[in-house]
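Below is one structure, written out as structure tokens; comments come after it.
Rule-based calculations on the coordinates, nothing more; no lab input. The structure displayed is predicted, hence computed values, not measured ones. As a convention, Cβ positions derive from the backbone with ideal geometry for all residues, glycine included, and neighbour counts pool all protein chains shown.
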Amino acid sequence: MRRLVPLLAAAVAAGCRGPQSMLDPAGPAAAAIARTWWLMAGAALAVLLLVLGLLARAMLRRQPAPPMARPERFIVLGGLVLPTVALFALLVYGTLAGRTVIGVGVDTDRVVRVTARQWQWQFEHLAPDGTVLARSLDRLVLPQGEMVEFQVGSEDVIHSFWIPRLGGKVDAIPGRSNRLRLRADVAGAMRGQCAEFCGREHAHMAFSVEVLDPASFAGWLDGRAAGDAGSTP
Ligand SMILES: [Cu+2]
């Protein structure tokens, strides 16, 4: 048992990592989502343990319980007050966390236009005047530590842009440009995925994300701008 517990804990923790794990956040938006997830999981576990404890107490009781003086109080407290307070607290916490997840009001360092189509992702780094500095397909290259505004749209059906280690999803809708601001604080490779069923190849509509340190990113962007901005990766 002494060996089993650390082994089990290691196995469970290993399941939380990986290039597409929302429980392994690499930026502020994903960190806010992971915090909310752990809070909800902890609260749900506490309620489950409470209910199981009460159930065990009732089942193990040898004598029949004496009748309650005011049984309706049990219903009002457990059935109305407890869920109302718990859900309201969660609503307030989730709404406040939502501002961090979308990046409301934060300053951005650069803009990337994301265009989804069946079944491919196109990424374009834009200059302040809107010209395309670099274009890539199914491969997103980002600078470490910079807040990036993604302008997400679609050419055909509704898709959903999602990089679990960086933040939440945003729908890619034809005729619209949805905004999402994300920052990658950790250099390295991760994975993004279309999160809205969009047809036969939906499950394969993934893309790689490469987060480079600022100097390497500047080199990559210069190489792209030098003449092959229109080419694929
Ligand atoms: Cu899709």
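Could you tell me which of Ala195, Phe207, Ala218 has its Cα farthest along the dipole of the stretch 147-221 towards the positive end, charges placed at Cβ (Lys, Arg +1; Asp, Glu -1), taken about the Cα centre?
Farthest along the dipole direction, towards plus: Ala195.
Using unit Cβ charges (K, R positive; D, E negative) and no other charged atoms, how large, in debye to the nearest 20, is the dipole of the stretch 127-180 about its Cα centre?
I would put it at about 160 debye.
DSSP beta bridges in the chain, what fraction antiparallel, as a percent rounded to 5?
70
With a cut-off of 8 Å between alpha carbons and a minimum separation of six or more residues, what is the relative contact order of the stretch 1-154 in percent?
17
Projected onto the charge dipole of the chain (+1 at Lys/Arg Cβ, -1 at Asp/Glu Cβ, origin at the Cα centre), which of His159, Leu52, Ala97 gives the Cα projection farthest towards the positive end?
Sorting the options by dipole projection puts first Leu52.
Any idea what the dipole of the stretch 1-123 comes to, in debye rounded to 20, about its Cα centre with Lys/Arg Cβ at +1 and Asp/Glu Cβ at -1?
The calculated dipole for the stretch 1-123 is roughly 460 debye.
Where the only charges are on Cβ atoms (+1 Lys, Arg; -1 Asp, Glu), what is the dipole of the stretch 149-191 about its Cα centre, to the nearest 20 debye?
200
Taking 7 Å along the Cα-to-C-beta vector as the label spot, tell me the Val76-Val132 distance in nanometres, rounded to one decimal.
About 6.6 nm separates the two model spin labels.
What's the Kirkwood radius of the chain in Å, using all Cα pairs?
Mean inverse Cα-Cα distance, inverted, gives 20.9 Å.
I need the peptides 24-33, 190-199 ranked by packing, meaning the mean over residues of other C-beta atoms within 10 angstrom, with the highest value on top.
Those peptides, ordered most packed to least, come out 24-33, 190-199.
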